[in-house]
1. Return the subset of 117/184; 2/148; 131/172; 26/65; 49/117; 38/172 for which the Cα-Cα distance in this structure is over 27 Å, preserving the input order.
2. Please give the helix 13-23 orientation as an angle from the longest Cα principal axis of the chain, in degrees from 0 to 90, rounded to the nearest 10.
3. Rounded to the nearest 500, what is the 222 nm mean residue ellipticity of the chain from helices alone, with -39500 (n - 2.57) per DSSP H run of 4+ residues and division by all residues?
4. Go through 30-38, 67-75 and give me the packing order, highest mean Cβ count within 10 Å leading.
5. For every other residue with a beta carbon closer than 12 angstrom to the beta carbon of residue 44, add +1 if it is Lys or Arg and -1 if Asp or Glu, then tell me the sum.
6. Sum up the charges of everything whose Cβ sits under 11 Å from the Cβ of residue 169, counting Lys and Arg as +1 and Asp and Glu as -1, but leave residue 169 out.
7. Assuming a ≥ b ≥ c are the square roots of the Cα gyration tensor eigenvalues, decide whether region 109-189 counts as rounded (a/c under 1.5), prolate (otherwise, with a/b larger than b/c) or oblate.
8. For region 1-103, what does the alpha-carbon gyration tensor say about shape, rounded, prolate or oblate, given a ≥ b ≥ c as the root eigenvalues, a/c under 1.5 as rounded, and a/b over b/c as prolate?
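The values are calculated or read from the model by the stated rules, or taken from the named source; none is laboratory data. Keep in mind that what you see is a predicted model, and the values were worked out from it rather than measured. So basically every Cβ, Gly included, is an ideal-geometry build from the backbone, and we count neighbours across all protein chains shown. Just so you know, the surface numbers come from the protein's heavy atoms only, side chains and all, with ligands and any DNA or RNA stripped out. Shrake-Rupley method; radii C 1.70, N 1.55, O 1.52, S 1.80 Å.
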Amino acid sequence: MKKIAVFASGTGTNFEAIAEAIENQKLHAEIVCVVVDKVNAAVIEKARKRNIDSFVFTAKDYASKEAYEKEIVAYLQEREAELCVLAGYMRLCGEVLLNAYGGRIINIHPSLLPAFKGKDAIGQAIAAGVKVMGVTIHYVDASLDGGKIIAQRAFDVDPLWSHEEIETQVHKIEHILYPETIEKLLEGK
Ligand code: GRF
């Protein structure tokens with residue numbers, strides 16, 4: 001079974017979708033740990049309920065990004081994680097993580113990259129008045145939402161939809177596309 005680590009900062013609905021896909025044997029992998037940078041993130045409880053270990057840290061307790069990433073890498077290696085799956089992890093990966101796991105870190109972003117990088121991608125897309133939105137899964141490099149694209153799925157925007165309704169649609173797609181894409185990657189397809 002391929003071992004994956006999920007990184008998150010918040011609610012963790014993508015974490016849950018991945019865990020459920022594993023339980024339903026649609027995704028042949030094991031989540032060996034969750035890496036979380038917010039002590040109050042709801043994803044921590046979601047992991048605990050599934051008996052999945054979490055590494056919770058506060059960046060400002062460390063002297064540098066290198067310092068906390070060294071601990072993350074040691075933690076991941078101890079658990080033999082092979083792929084890092086970023087799911088709402090609101091931090092740029094630094095040199096230490098990229099050197100250890102370069103080419104084996106993926107992220108999901110709620111826009112059709114390279115459009116609308118960074119925070120509140122949905123808000124940016126609404127402000128631009130786009131008629132088609134979507135979700136992107138990409139490899140992570142040192143840039144913000146800039147690595148090579150692995151998968152994308154688009155949808156037409158109903159002009160009457162609110163920000164919240166668009167977000168619901170984005171999540172619906174993410175929860176299908178992320179497990180599917182991870183499975184393909186792990187199977188080498
Ligand atoms: C997702 O919409 C993802 O695209 C973005 O952050 C959100 C995380 O949501 N990077 P959740 O914590 O998985 O519910």
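1. Flagged as over cut-off: 26/65; 49/117.
2. 70
3. After summing the helix terms and dividing by residue count, I get -12000 deg cm²/dmol.
4. Per-residue Cβ counts within 10 Å, averaged per peptide and sorted highest first, yield 30-38, 67-75.
5. +2
6. Values: positive: 153, 172; negative: 156, 158, 164, 165, 167, 174.
Here the charged neighbours net out to -4.
7. Values: a/c = 2.56, a/b = 1.49, b/c = 1.72.
Judged from the Cα gyration tensor, region 109-189 comes out oblate (a/c at least 1.5, b/c at or above a/b).
8. oblate
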